[in-house]
Amino acid sequence: MKDRLEEFVRANREEFDAREPDPSLWLKINPQNVQQPADKKLRWMRYAAAAAVIFAFVSAGIWFLSGTNQSPEKLYGEMYREIVEAESYYTGLVSKKYNELEPYLTSSPELKEELDYDLEELDHIYLELKGDLQDNVGNPEVIDAMIQQYRMKVEILEQLLNQLKEKEKTNDEEKDEISL
């Protein structure tokens, strides 16, 4: 198809070149008239763009400055206090359970090392959730997940404590049977 068009243009080239615009048409076009409307539109657009940029920067500055002056307690009020209270409560509970386990763990360093590793993993997950919370404080799912992490810690410690107490109890009973 391209070849046929090209052949047609070559064959009829003289007819294409024969028609030219009227020379008076060029005299009617004034270069000043062509440039002026474009300059006026362009100038108006420049002013509008400059005003939009200034407005954007001022708005962003006000938004950033107003957000940094307020503490999390002022911004989120009751929800922030509840998070702090829950964190304090569960931290104390985990510490208490770990202290109860301490005597059992001294006799089994492998168990202590494994428990510490598991607790560190849960702490790492908790810190990630805390980072998510800073981005999205109003999200109850993040708060629930944080509390769930503490509950898991407490549950692990309680289960381990119960198992070690049960093991100690069976060992004591076996010793009593042997001594009889």
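Every read-out reported here was derived from the displayed coordinates using simple, explicitly stated rules and does not represent laboratory data. None of these values were measured; they are calculated from a predicted model. FYI the Cβ positions are ideal-geometry reconstructions off the backbone, even for glycines, and counts take in every protein chain you see.
Observations on the model:
- Label-to-label distance, nm, for residues given as ASP22 and GLU7 (7 Å Cα→Cβ offset): 3.9 nm
- Fewest-first ranking of ASP132, ASP22, ASP144, using other Cβ atoms within 10 Å as the exposure measure: ASP22, ASP144, ASP132
- Spin-label pair GLU82/VAL53, simplified geometry with 7 Å Cα→Cβ offset, distance in nm: 4.7 nm
- Hydrodynamic radius (Kirkwood) for region 72-171, which is based on Cα pairs only, to one decimal in Å: 14.9 Å
- Pairs from LYS96/LYS130; LYS130/LYS167; LYS96/LYS167; LYS97/LYS130 whose Cα-Cα separation, in the structure shown, is over 32 Å: LYS130/LYS167
- For the pair PHE64 and SER95, the difference between a 0.36 nm per residue extended length and the Cα-Cα distance amounts to 7.3 nm.
- Sorted by Cβ neighbour density within 10 Å, fewest at the top, the residues VAL94, VAL58, VAL154: VAL58, VAL154, VAL94
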